[in-house]
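Have a look at the structure below before the remarks.
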Amino acid sequence: MTDKKYSLSRRAFLGSSSALAVLPLLNSRAVRAVEKTSAADIRRFNSANDWVRAFNDAFTASDVVQVPQGVVCDNINTGIIIPPGKTLQIDGVLKGNGRGRFALQDGCKIIGNGGRLNNLCLDVRGSDCVIQGVTLSGYGPLAQIFIGGKDKRTMRNLLIDNITVTEANYGILRQGFHNQFDGVRITNGRFTKLQGDAIEWNVAINDKNILISDHVIDDINCTNGKINWGIGIGLAGSTYDNGYPEGQTVKNFVVANITGSNCRQLVHVENGKHFIIRNVKARNITPEFSKKAGIDNATVAIYGCDNFIIDNVNMVNSAGMLIGYGVIKGNYLSIPQNFRLNDVQMDNTTLPYKLRGIQISSGNAQSFVSITNLNLKRASLELHNKPQHLFIRNINVMQDAERGPALSMNFDLRKDVRGKFMAKEDTLLSLANIKAVNEKGQRSVDIDRVDQQVVNTNGLNFRLPGK
């Protein structure tokens, strides 16, 4: 960038004139207070053509630092710590090489009006922070917004709203093992052309009251060979445990109003409790993306979770849902339990190859599963194991005969290592209004041996054989 000298804008000049006009009436401390609360144009502090120094000086002088439209602040290749309570207003452009970052402490805000950041990381370290209205890009940083830290403290009230993240690795990355966030809203984002996850809330065992909503996610495709990269929205607790302890789970969160396309996996939760996923629209969630990342192909993937709701999911030409065990080194742990799946639409009628429909493993005594209002076209519903109480209502499934049964119920896994999760006594299996057919309208059901029970369905009447 050229070493061009900038004059004060009219607004900045008038603000300075106002302070000077009352100089005889104020002591020097009051004058400094007036100057500090007025917005500081970053160009005023860049006499040495050193933007890092300019930002540090500007934050010392004012509570609000402005990067005007048309201004490019480049070569920001080290950390800048924003003092508590300060605001950075970005209408122009900030650039780094991947090593630069802005660290937000308590009460800090980064507000954009068409502002862009390239190869810089926003590092959230405090309560009451806001990041809003900016576009972030660049493959230099691991994440465009990082929320972590090793200080054992509780932080509250984080708002990330109306951001665009494109051509980057991770969008938002939370590493939550050491501290706690209580009250997070991540809303109205657009994430496109990413290698890593759009939003990854990882090892967040202390956090609560998390809302992730109203996002558009498109083209998440890991091509760099990184394992476990390439998910739309992912949340994870710590180690799987068959006792489902609260202290090891990610919990108390809502993922809602998500529109996703062109990725391998859209919504992912592992070792979670007390959460809701609702209002998801998906298209082209296929194995064509992130081929070497080692993750399952699914619109919604749930591993080892307890007490959750999935409601109103609409999938077109996409892999469906995987609700299954946590697995560590071949050991099956924490089978899903106590959940409801409702109002799921899936239409793969124009998809040229077979993808997973809905595959559910559930089990344990003292647990329940409710599956209601499913409409699957050219897809399958597959159930494994059984909880203490299983309720299935209003199911319509059509799968091509050459691709296997429309409905599979695999309850007898007692000779399988996974069978330890079965409820073997006093099992209640209740099915009503079930239609599972092939493309010719013929019944298409596969049921293995279970303890003697009678199943009454609308359109299907059969007795399940005993041992």
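Placing a label point 7 Å from the Cα of N56 along the Cα-to-Cβ direction, the residues of segment 105-145 whose backbone N falls under 17 Å from that point are 105.
Can you give the % of DSSP beta bridges in the chain that are antiparallel, to the nearest 5? The partial results should precede the final answer.
Details: 8 of 172 bridges.
If we restrict to bridges inside the chain, about 5 percent are antiparallel.
Here the translational diffusion coefficient of the chain follows from Stokes-Einstein with Rh set to the Kirkwood radius across Cα pairs; for 10 °C and 1.306 mPa s it amounts to 65 µm²/s. If you take the Cα centroid of segment 249-291 and the Cα centroid of segment 378-435, the two points sit 23 Å apart. Which aspartates and glutamates does K152 reach when only Cα atoms under 13 Å apart count, and residues fewer than 8 places away in its own chain are ignored? Hits, sequence-local ones excluded: D207. Hydrodynamic analysis of segment 295-428 uses the Kirkwood radius over alpha carbon pairs. Inserted into Stokes-Einstein at 20 °C and 1.002 mPa s, it gives a translational diffusion coefficient of 142 µm²/s. Looking at segment 118-219, the pairs of alpha carbons with a distance over 23 Å make up 18% of the total. The gain in end-to-end length when the E288 to E246 segment is fully stretched comes to 11.5 nm, 0.36 nm per residue minus the alpha carbon separation.
A simple spin-label model places pseudo-atoms 7 Å from Cα toward Cβ; at D106 and L428 they are separated by 5.1 nm. Over segment 173-222, the ratio between the Cα radius of gyration and 2.2 N^0.38 Å evaluates to 1.25.
Placing unit charges on the Cβ atoms only, positive for Lys and Arg and negative for Asp and Glu, gives the chain a dipole magnitude near 320 debye about its Cα centre.
Using the Cβ-Cβ distance between D296 and V72 with R0 set to 56 Å, the FRET efficiency works out to roughly 0.85. When each of H268, H178 is scored by the number of other beta-carbon atoms lying within 10 Å, the sequence from fewest to most is H178, H268. Need the C-alpha centroid separation for segment 57-91 versus segment 137-155, integer Å. Result: 18 Å between the Cα centres.
Would you mind computing Rg(Cα) / (2.2 N^0.38 Å) for segment 350-443, counting N as its residues?
On the way: Rg = 14.1 Å, N = 94, 2.2 N^0.38 = 12.4 Å.
Rounded to two decimals, the normalised Rg is 1.14.
Can you work out the base-10 log of I(q)/I(0) for segment 38-169 at q = 0.13, 0.14, 0.15, 0.19 1/Å, using the Debye formula on its C-alpha atoms alone? Result of the Debye calculation: -0.47, -0.55, -0.64, -1.06.
For segment 214-279, the Kirkwood hydrodynamic radius from C-alpha pairs, put into Stokes-Einstein at 25 °C and a viscosity of 0.890 mPa s, yields a diffusion coefficient of 186 µm² per second. Applying 1/(1 + (r/R0)^6) with r as the Cβ-Cβ distance of D219 and L142 and R0 = 30 angstrom yields a FRET efficiency of 0.95.
Across segment 62-120, the volume of the C-alpha convex hull divided among the residues equals 67 Å³ per residue. Compared with the dominant principal axis of the Cα atoms in the chain, helix 28-37 is inclined by about 40°. Average 1/r across all pairs of distinct alpha carbons in segment 140-273, invert it, and you get the Kirkwood radius: 14.8 Å.
If I take R0 = 25 Å and measure r between the Cβ atoms of Q180 and V254 in this structure, what FRET efficiency does the formula 1/(1 + (r/R0)^6) give, to the nearest 0.05?
Numbers: r = 18 Å, r/R0 = 0.71.
The calculated FRET efficiency here is 0.90.
Between A401 and L333, the modelled labels are 4.5 nm apart [label points 7 Å from Cα along Cα→Cβ].
For segment 328-350 and segment 192-231, write down the distance between their C-alpha centroids in whole Å. Cα centroid of segment 328-350 versus Cα centroid of segment 192-231: 19 Å apart. Per residue, the convex hull around the alpha carbon atoms of segment 241-347 comes to 90 Å³.
The lysines whose alpha-carbon is closer than 24 Å to the alpha-carbon of K424, local same-chain residues fewer than 8 away aside, are K386, K415, K467.
Values in this text are rule-based calculations from the coordinates and carry no lab data. Predicted model only: the values in this text are computed from it and were never measured. Because the Cβ atoms are built from the backbone with ideal geometry, glycine has one as well, and the counts that use them run over all protein chains shown.
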